[in-house]
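Scroll down for the structure; my scribbles are underneath it.
The values are calculated or read from the model by the stated rules, or taken from the named source; none is laboratory data. Because the structure is predicted, anything quoted here is derived from the model rather than measured. Note that each Cβ is placed from the backbone with ideal geometry, even for glycine, and that neighbours are counted across all protein chains shown. Please note that ligands, DNA and RNA were not included when accessible areas were found on the heavy atoms of the full protein model with its side chains. Shrake-Rupley method; radii C 1.70, N 1.55, O 1.52, S 1.80 Å.
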Amino acid sequence: MAYRILITAGPTREYIDPVRFITNRSSGRMGAALAAAARDVGLETVLVCGPVSIELPSGIEIIRVETAAEMASAVHRWAPESDLVIMAAAVADYRPVATLDHKMKKLPGKLVLELERTEDILGTLGSCRRPGQTLVGFAAETENLLTNAAGKLERKHLDWIAANLVADGFGSDTDTIELLGRGGEHFTLGPAPKSEVAAQLLSIVLGKKAEAKVI
């Protein structure tokens, strides 16, 4: 049986009305680079990708989604069958409580938009993973990079977390990542092209575990 890897990439869009939505600056480049690296070492690769404008790698299974709820549904579909899950997507933490059916018209005065939490997909995976499954999260931070990443690693029951400063990676072809492991490991990857960083990250995370299953 082939070693299967599930990767998420890109942002999500949380709609206010048919033409307006909440999103973020994630380009999906790192997730796509990870998927290409996994394909190149012979892994059965599934990529769940939010709305991006980049070209996605060929030779893999691609599931396109738009909202956090759609991404959660796809991840929960594929995660139980995956040996390694890498959550590189920048999933929205909040969405509008109500989505209008028609375009909202401009009104006088201020507008108050009520938001609700989306599902914590990574946290859910960490609490109900199957035995032997490896779980990797990402943390895009603007301050206290290592402290915040270490907290997320512990809080969400991850095996690894890849942390970077927003200014170093969003929308860029290069990246610098601090990779922290549950056993106290710490690797600095980059600065280098995202394709190189992705290949290094995958090599470290896989170790020797996938060799017996790769076809």
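Please specify each residue of the stretch 4-39 satisfying the condition of being open to solvent by 10 Å² or more (accessible area, probe 1.4 Å), of a type outside the set (A, V, I, L, M, F, W, C) and either without any contact (Cβ under 8 Å) to a residue 12 or more places away in the chain or assigned to a loop (DSSP other than H, G, I, E, B) (or both).
Selection gives 13, 18, 23, 24, 25, 26, 27.
Which residue pairs have Cβ atoms closer than 9 Å, lie 6 or more positions apart in sequence or on different chains, and pair a first residue in the stretch 49-61 that is in contact (Cβ under 8 Å) with a residue 60 or more places away in the chain with a second residue that is of a type in the set (Gly, Ala, Ser) and crowded, with 17+ Cβ neighbours inside 10 Å?
none
Is it the case that residue 164 is surrounded by 11 or more Cβ atoms within 10 Å (Cβ to Cβ) and in a helix (DSSP H, G or I)?
Numbers: surrounded by 11 or more Cβ atoms within 10 Å (Cβ to Cβ): yes; in a helix (DSSP H, G or I): no.
Taking the combined requirement at face value, the residue does not satisfy it.
Looking at 137, 132, can you tell me which residue is open to solvent by less than 80 Å² (accessible area, probe 1.4 Å), without any contact (Cβ under 8 Å) to a residue 60 or more places away in the chain, of a type outside the set (A, V, I, L, M, F, W, C) and touching a strand residue (DSSP E or B) at 6+ places or on another chain (Cβ under 6 Å)?
Details: 132 fails: touching a strand residue (DSSP E or B) at 6+ places or on another chain (Cβ under 6 Å).
Just one listed residue meets the conditions, 137.
Mind checking which pairs have a first residue in the stretch 197-208 that is under 13 Å from residue 33 (Cβ atoms) and a second that is among the charged types (D, E, K, R), Cβ under 7 Å, 6 or more apart or different chains?
Matching pairs, first to second residue: 197/175.
Might you check whether a residue that is assigned to a helix (DSSP H, G or I) and hydroxyl-bearing (Ser, Thr, Tyr) occurs anywhere in the stretch 65-73?
Looking only at the stretch 65-73, we keep the residues that are assigned to a helix (DSSP H, G or I), and these are 68-73.
Now narrow it down to the ones that are hydroxyl-bearing (Ser, Thr, Tyr): 73.
Within the stretch 65-73, one or more residues are assigned to a helix (DSSP H, G or I) and hydroxyl-bearing (Ser, Thr, Tyr).
Test residue 118 against the stated conditions and say whether it is at pLDDT 95 or above, touching a strand residue (DSSP E or B) at 6+ places or on another chain (Cβ under 7 Å) and either of a type in the set (Ser, Thr, Tyr) or surrounded by 22 or more Cβ atoms within 10 Å (Cβ to Cβ) (or both). Steps first, please.
Numbers: at pLDDT 95 or above: yes; touching a strand residue (DSSP E or B) at 6+ places or on another chain (Cβ under 7 Å): yes; either of a type in the set (Ser, Thr, Tyr) or surrounded by 22 or more Cβ atoms within 10 Å (Cβ to Cβ) (or both): yes.
Yes.
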